[in-house]
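Visitor: Could you have a look at this structure, given as structure tokens, before my questions?
What follows draws every value from the coordinates through simple rules; no lab data is involved. Since we're looking at a predicted model, the values are computed, not measured. Positions of Cβ are generated from backbone atoms using ideal geometry, with glycine treated the same way; all protein chains shown enter the neighbour counts.
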Amino acid sequence: MRNIRAALAGFAPLLATVVTLIPLTHQTGIVVLGAAVAMMAGRAQGHQGPMRLLLVPVGALVIATFAVLFHAAHAYGDAFFVLTVAAATAARAFGPAAGRLGRALVLPLIGMLIAPVNPGGDPLRTLAWATLAVFTAEVYVLVARRLWGTDAASELPGTAAAKVHVWRGVQSALALTLAFAIGQTVFGEHWAWTVISAYTVGAAARSRGDALLKGVHRTLGALGGTLAATGLAVAVGPHRPVAVVLLLLVLAGGFYLRQFGYAWWAASVTASLALLYSLVGVGDTVSLLGTRLVAVVVGALCAILPAMFISPIRTGAVLRKRTAECLRTIRDGDYALAVRQLDVLRTSAAPLFAVRRFVPRRELLWVDGLLALSPDLQLLSEADDPAALKRVRQALGPIADDLRAAVHGPARPGSPAAAAGAPPA
């Protein structure tokens, strides 16, 4: 039931935005821009209060500025985009509020790549339509979060050092610069696919392993979506109503399935774009999908390379830190926060889980131990339960001892890592 509610909270704003904007404007780009912002804002975590709407005109101004600069010269627009995203990423070093501001400005900018809006000779008209599209999407996202209660939890406090966010900003700048250069040189008018891929793979990567895993998932998803979309595009042909219905069904399925893996989301977006192309009459859908697949792979590589070699963050180091945070929170008695931290810990461990069969790591034993405590922590967050508290306290000792051993020396005899024969971290 929880998965269905999350899917509704993501898909309903997108559908409502499209239904609202279509009668107001006959510009397909504006409608798709609103839909893209609704789709991405619905996925964003953290505080989503009404005050966010005050940033809508600023976000629309960023869109219009990029459109005008890019229309004047590609190099100006490229530089503006790269600097804006890099600054928004590095802004997290100044606290959660600065990070939210950066994300609020970047989301419509990424939406602009999905649905380019040509400013032509009237930038003010572009600004007005962009403001309307972004405002409509943001309002529906807020309404959906209230209706389905997906905004109950506030954003977890950031614990990364300021320099980590700064280096992530540098990584994003390098990744996007590569993506723009290669995309506009190799893929012509479809260069945006390379840039979008580079952003989605690298923007939220927690470590180099996370970036690599996202790149693999995005590539596999794009491949699966390409195969499915080819059949859909051929079957639909010129029947526009059927294409619209299928487009909505594919996106609805993507919103539900993305909770089970990012590859599902990438596949649904790829298939949706194929149906969108058939609706707006963009060229040969089959050949475009092949081009998109190559562009996605190149964009993913543009994000992976800086994450691997420019001040890389090791997945093992992230898990050590996340494990220590969970242990401290549990010992402080904040069980509700600990439950949410376990979700972050599970996500951070995904790259190591993916290769566990081939490369055993002691960090995963800590993750396993803490995740096993999740039911007891959930009970303790709701009411006192002496039996659950006893089980939690008994389990914490070995995990804490082995974490200290991993940081300060070899695993002690009898520890979980030593018993499992896991190699040192």
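Visitor: Can you work out ³J(HN,Hα) from phi for every residue in the stretch 4-11, in order, using Karplus 6.51 cos²θ - 1.76 cosθ + 1.60 and θ = phi - 60°, giving whole Hz and x for Gly and Pro?
Guide: For the stretch 4-11, the Karplus curve yields 5, 4, 5, 5, 4, 5, x, 7 Hz.
Visitor: Here's another thing I want to ask about it. Near L379, within a Cβ-to-Cβ distance under 15 Å, what is the net charge of the other residues, with Lys and Arg +1 and Asp and Glu -1?
Guide: Net charge around L379: -2.
Visitor: Read phi for every residue in the stretch 398-404 and hand back ³J(HN,Hα) as whole Hz from Karplus 6.51 cos²θ - 1.76 cosθ + 1.60, θ = phi - 60°, with x for Gly and Pro.
Guide: Per-residue couplings from phi come out as x, 5, 5, 4, 6, 5, 5 Hz.
Visitor: While we're looking at this one, here's another question. Work out, step by step, the length gained on full extension between L147 and F358: first 0.36 nm times the residue separation, then minus their alpha carbon distance; give nm to one decimal.
Guide: Full extension from L147 to F358 adds 71.5 nm.
Visitor: Then there is this: Could you run the Karplus curve 6.51 cos²θ - 1.76 cosθ + 1.60 with θ = phi - 60° over the stretch 248-253 and give me ³J(HN,Hα) per residue in whole Hz, x for Gly and Pro?
Guide: 5, 5, 5, 5, 4, x
Visitor: Among 35-41, 142-148, how do they line up by average Cβ neighbours within 10 Å per residue, starting with the highest?
Guide: Top of the packing list down: 35-41, 142-148.
Visitor: Sum up the charges of everything whose Cβ sits under 12 Å from the Cβ of A88, counting Lys and Arg as +1 and Asp and Glu as -1, but leave A88 out.
Guide: The answer is +4.
Visitor: Any idea how far apart K163 and V234 come out in nm if each label point goes 7 Å out from Cα toward Cβ?
Guide: 5.6
Visitor: Rank by packing, highest mean first: peptides 76-89, 372-385, with packing defined as the count of other Cβ atoms within 10 Å averaged across residues. Mind dumping the intermediate values first?
Guide: Values: 76-89: 19.5, 372-385: 15.0.
Sorting 76-89, 372-385 by mean packing, highest first, produces 76-89, 372-385.
Visitor: Follow-up question, since we're still on this one. By per-residue mean of other Cβ atoms within 10 Å, what is the highest-first order of 349-361, 170-182?
Guide: The densest-packed peptide leads the list: 170-182, 349-361.
Visitor: Suppose each label sits 7 Å from its Cα in the direction of the beta carbon; what would the A98-T347 distance come out to in nanometres?
Guide: 2.2
Visitor: Oh, and also: Grab the other residues whose beta carbon is less than 10 angstrom from that of Y262, score K and R as +1, D and E as -1, and report the net.
Guide: Net of charged neighbours comes to +3.
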